[in-house]
Amino acid sequence: VGDTATKDPVWIPEVTERGWLIVTRDRNIAANRAEVAAVGASGARMVALSGREAIGTWNQLEVLMRQWRGIEALHAEVGPFIYLATRTTLRPLDLS
């Protein structure tokens, strides 16, 4: 996916077909029903850096590094799923 303007229903299935675990900064993903639906329909595996902590490059890096072992373990899980990552938590989002 070479363009950041690519719509979720296009890039999510494409990345999923490659077997990748998606890591995104979408602090309000629970409200984005189209993105949640695209994850469910494609069987994607996604971790969203969420909450106010996910603003700014260094804060995002801190969240990612603090949750790295848990995120790495998710690579072995079967999708679809979305996990929300903050500095202190890594929890699943209900896709229904």
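Taken over segment 50-83, the residue count meeting the criterion of being outside any helix (DSSP H, G or I), surrounded by 15 or more Cβ atoms within 10 Å (Cβ to Cβ) and modelled with pLDDT of 95 or more is 6.
Restricting attention to segment 26-36, the residues that are buried (at least 17 other Cβ atoms within 10 Å of the Cβ) and without any contact (Cβ under 8 Å) to a residue 40 or more places away in the chain total 3. Evaluate the following for G2: is it modelled with pLDDT under 90, surrounded by fewer than 19 Cβ atoms within 10 Å (Cβ to Cβ) and more than 14 Å from the chain's Cα centre (by Cα)? Yes, satisfied. Filtering V39, V47, V23 for residues that are in a helix (DSSP H, G or I) and surrounded by 13 or more Cβ atoms within 10 Å (Cβ to Cβ) leaves a single hit, V39. Once segment 25-49 is narrowed to residues that are polar (S, T, N, Q) and farther than 22 Å from A76 by Cα, the residue that is modelled with the highest pLDDT is N32. None of P9, P13 is in contact with a helix residue (DSSP H, G or I) (Cβ under 6 Å, 6 or more places away or on another chain), surrounded by 15 or more Cβ atoms within 10 Å (Cβ to Cβ) and farther than 23 Å from Q67 by Cβ except P13.
Residues considered: R66, R87. Of these, the only one that is free of Cβ contacts under 8 Å to residues at least 40 places away in the same chain, of a type in the set (K, R) and out of contact with any helix residue (DSSP H, G or I) (no Cβ under 7 Å at 6 or more places or on another chain) is R66.
In this structure, A37 qualifies as touching a Leu at 6+ places or on another chain (Cβ under 9 Å), farther than 18 Å from G70 by Cβ and of a type outside the set (S, T, N, Q).
The values are calculated or read from the model by the stated rules, or taken from the named source; none is laboratory data. Remember, predicted model here, so these are calculated numbers, not experimental data. Every residue, glycine among them, receives a Cβ derived from its backbone with ideal geometry; neighbour counts consider all protein chains shown.
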